[in-house]
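Undergrad: Before I ask anything, here is the structure I am working with.
The values are calculated or read from the model by the stated rules, or taken from the named source; none is laboratory data. If you're wondering where the values come from, they're calculated on a predicted model, not measured in any experiment. Note that each Cβ is placed from the backbone with ideal geometry, even for glycine, and that neighbours are counted across all protein chains shown. Only protein heavy atoms, including side chains, enter the accessible area calculation; ligands, DNA and RNA are left aside. Shrake-Rupley method; radii C 1.70, N 1.55, O 1.52, S 1.80 Å.
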Amino acid sequence: GENVEQHPSTLSVQEGDSAVIKCTYSDSASNYFPWYKQELGKGPQLIIDIRSNVGEKKDQRIAVTLNKTAKHFSLHITETQPEDSAVYFCAAEFGNEKLTFGTGTRLTIIP
Amino acid sequence: DAGVTQSPTHLIKTRGQQVTLRCSPKSGHDTVSWYQQALGQGPQFIFQYYEEEERQRGNFPDRFSGHQFPNYSSELNVNALLLGDSALYLCASSLGQSGNTIYFGEGSWLTVV
């Protein structure tokens, strides 16, 4: 079936440290893996995405890695700041832009 | 360039009533998908519209229906509302092909009492 697992469910890190969130997916045919940041009362905001022909992608303090053989991908946030506090969701596309989401990670940055 | 816009932002309905939510996709996008997000959970795929037709559907009952207009905007209709339908309803837009970037609106908060 179409399944995405996400860990951890909560994560607290000291400001300036790095945060890593990991996801695994079930369908090897998936080719698109976005990450979304959701703040309280708002919709999901796309922060970075990666496609299956790429192993790693970086955008300033945010990076995503993809291991297609192992069917897992990870989000890395470096030099964390208080405004990084939010819920982060990974997702995988299972055919024609239909996304299945992970269960979310609540990230708290401790000043 | 306006992103994905949704209306209304909040609404309260009574059990058994019907509701219509609206979405305008990002400029240039032709595909609209709807998701339901219950409190504390990830979004769940309801259905997707492309070229004014429902292209694929998630595991939601027929009480959930939709429509896409020639200008690519879309409506989500829910009939015979249940308390369990209370959730954030999200609209996502994209360019209609696998692997394209998918953007979400801010959502419509529906409370059923």
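Undergrad: Which condition does B:Ser74 not pass, out of (1) closer than 19 Å to A:Gly95 by Cβ; (2) crowded, with 19+ Cβ neighbours inside 10 Å; (3) within 13 Å of the chain's Cα centre (by Cα); (4) of a type outside the set (Val, Ile, Thr), if it passes all the others?
TA: Of everything listed in (1) closer than 19 Å to A:Gly95 by Cβ; (2) crowded, with 19+ Cβ neighbours inside 10 Å; (3) within 13 Å of the chain's Cα centre (by Cα); (4) of a type outside the set (Val, Ile, Thr), B:Ser74 misses just condition (1).
Undergrad: Just one of the numbered conditions (1) away from chain B (no Cβ under 13 Å); (2) open to solvent by 50 Å² or more (accessible area, probe 1.4 Å); (3) not acidic (Asp, Glu) is not true of A:Lys57; which one?
TA: Here A:Lys57 meets the rest and fails (1).
Undergrad: Among (1) more than 9 Å from every other protein chain (Cβ to nearest Cβ); (2) open to solvent by less than 20 Å² (accessible area, probe 1.4 Å); (3) free of Cβ contacts under 8 Å to residues at least 60 places away in the same chain, which single condition is A:Tyr25 missing?
TA: That leaves (3) as the condition not met.
Undergrad: Taking the stretch A:67-85, which residues are hydrophobic (A, V, I, L, M, F, W, C) and surrounded by fewer than 20 Cβ atoms within 10 Å (Cβ to Cβ)? Walk me through how you get there before you give the answer.
TA: So the first thing to find is which residues in the stretch A:67-85 are hydrophobic (A, V, I, L, M, F, W, C), and the list is A:70, A:73, A:75, A:77.
Residue satisfying the conditions is A:Ala70 alone.
Undergrad: Which residue pairs have Cβ atoms closer than 7 Å, lie 6 or more positions apart in sequence or on different chains, and pair a first residue in the stretch B:1-26 that is on the phi > 0 side of the Ramachandran plot with a second residue that is among the hydrophobic types (A, V, I, L, M, F, W, C)?
TA: Partner pairs satisfying both residue conditions: B:Gly16/B:Ala80; B:Gly16/B:Leu81.
Undergrad: Something else: Could you list, in sequence order, the residues of the stretch A:87-99 that are of a type outside the set (D, E, K, R), open to solvent by 10 Å² or more (accessible area, probe 1.4 Å) and farther than 13 Å from B:Gln37 by Cβ?
TA: A:Phe94, A:Gly95, A:Asn96
Undergrad: Kindly list the number of the only condition in (1) in contact (Cβ under 8 Å) with a residue 12 or more places away in the chain; (2) open to solvent by 60 Å² or more (accessible area, probe 1.4 Å) that fails for B:Ile102.
TA: So the condition that B:Ile102 fails would be (2).
Undergrad: Can you spot a residue in the stretch B:9-24 that is touching a helix residue (DSSP H, G or I) at 6+ places or on another chain (Cβ under 9 Å) and either surrounded by 15 or more Cβ atoms within 10 Å (Cβ to Cβ) or aromatic (Phe, Trp, Tyr) (or both)?
TA: The initial filter retains those residues of the stretch B:9-24 that are touching a helix residue (DSSP H, G or I) at 6+ places or on another chain (Cβ under 9 Å), namely B:13, B:15, B:19.
The next check asks that each one be either surrounded by 15 or more Cβ atoms within 10 Å (Cβ to Cβ) or aromatic (Phe, Trp, Tyr) (or both); those that pass are B:13, B:19.
The answer is yes, given that some residue of the stretch B:9-24 is touching a helix residue (DSSP H, G or I) at 6+ places or on another chain (Cβ under 9 Å) and either surrounded by 15 or more Cβ atoms within 10 Å (Cβ to Cβ) or aromatic (Phe, Trp, Tyr) (or both).
Undergrad: Turning to a different aspect of this structure: Go through the stretch B:92-113 and count every residue that is within 12 Å of B:Ser7 (Cβ to Cβ) and of a type in the set (Phe, Trp, Tyr).
TA: 1
Undergrad: Tell me the strands (runs of 3 or more DSSP E) entirely within the stretch A:34-111 that contain at least 3 residues that are in contact with a Gly (Cβ under 9 Å, 6 or more places away or on another chain) and not small (Gly, Ala, Ser).
TA: Numbers: elements: A:45-51, A:56-59, A:62-67, A:72-77, A:86-93, A:99-101, A:105-110.
Answer list for the stretch A:34-111: A:62-67, A:86-93.
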